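To start, the structure itself, in structure tokens.
Rule-based calculations on the coordinates, nothing more; no lab input. Every value quoted in this text rests on a predicted model; they were computed, and no experiment measured them. Note that we place each Cβ from the backbone using ideal geometry, even for glycine, and neighbour counts take in every protein chain shown.
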Amino acid sequence: MVVGFWLGSIGGDIPGEELVSFVINEFPNTQLIFGIPIIVIGTVIIIMIIISFFGAKIGKWDFNIVYGRILKKLESLLAEMEELRS
């Protein structure tokens, strides 16, 4: 997703280049690593840490939203089948 944003073209402008030029114009003393401002690298690292910490909970929440009703129906069908078996 980040690479698509960074390199993708939106209306002829490349967002990654626009962001870098904006940061360099606003903060001319910004240090660059491989042409990317340290501020951007730090922000991406912080976002990655947050996503890795909350990723399992977000995944479980998303799974329950998409498949929650289906799983409840399957559980009730299995319970009825067990009841009919005995």
Could you give me the ³J(HN,Hα) list for the range 4-9, computed from phi with Karplus coefficients 6.51, -1.76, 1.60 and θ = phi - 60°, whole Hz, x at Gly and Pro?
x, 5, 5, 9, x, 9
Phi-derived 3J(HN,Hα) across the range 60-71 with the Karplus relation (6.51, -1.76, 1.60, θ = phi - 60°), rounded Hz, x for Gly and Pro, is 5, 5, 5, 4, 5, 5, 6, 10, x, 5, 5, 5
Sorting check: for 39-52, 14-27, which peptide has the highest mean count of neighbouring beta carbons within 10 Å, and how do the rest follow?
14-27, 39-52
Stokes-Einstein diffusion coefficient for the range 2-85 at 20 °C in a medium of 1.002 mPa s, Rh from the Kirkwood formula over Cα pairs: what value in µm²/s?
126
